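Structure first, then comments.
Each value in this text was obtained by applying a stated rule to the coordinates, not by laboratory testing. It should be emphasised that the depicted structure is a prediction, and the values quoted were computed from it without experimental measurement. Cβ coordinates were reconstructed from backbone atoms using ideal geometry, including for glycine residues, and neighbour counts include every protein chain displayed.
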Amino acid sequence: MKITLASPDDLQLLLNFREEAASWISELGSDQWSRPYPADRLLATIEAGTVFMVRDGKKTAGTITLTPEAEEGLWSADELEDPSLFVNKLTVSREYAGLNVGGRLLDWAGDRAYKASAKWVRLDAWTTNTALQNYYLRQGFEHVRTVRQGSAVNGGPRVSGWLAQRSARLADHGFADEAPSPQPF
């Protein structure tokens, strides 16, 4: 399997991935990703070069968004002083479930962060999805805190405010990395 940058041609595939994941998560009893993700916002992240695809021949096994920008209102000013890469929208095709594609993607993210001279790989997870939170803990992330207040935009309860991080480090993720080298901090 190899990792490549997503292209605008991947937009519909990524939207389908999100729907597949939302359906599966719903069957597990979570409301995570229950609202469709805006295609224009996803296209903007693709065009920004922060969306990566795991390709297995002609199939796509998974995707991850990895960005140096934190979502507003989650991390403190002191925390943001440490160079970090932030994981978003990690999704694995149900066809590849149970093959550790997600764990390997997290290792790849940590490896990429290390090569960019970042200190941390950070993420936020759905506040009520304890199964997902436990998954990240098993992957070596440490829970930092849970942010429950709303963002400056909506002022309501925050649905994705469970914060976790792990040190950036070299990793043998097993992917052929065909993505451009990360920009150093």
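Key figures
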item	result
In order through the stretch 171-185: 3J(HN,Hα) via Karplus (6.51 cos²θ - 1.76 cosθ + 1.60), integer Hz, x for Gly, Pro	8, 8, 7, x, 8, 7, 8, 9, 7, x, 4, x, 7, x, 6
Cα-derived Rg to Rh of the stretch 55-109, Kirkwood definition	1.10
Low-density loop positions, GluC sites (Glu not before Pro), the stretch 40-80 - DSSP coil, at most 10 other Cβ in 10 Å	Glu72
Computed over the stretch 113-152, Kirkwood Rh from alpha-carbon pairs, angstrom	11.9 Å
Relative exposure of Glu20, Glu81, judged by other C-beta atoms within 10 Å (fewest first)	Glu81, Glu20
Surface/4 of the Cα convex hull for the stretch 41-185, nm²	9.0 nm²
Thr146, Thr65 arranged by Cβ crowding within 10 Å, fewest neighbours leading	Thr146, Thr65
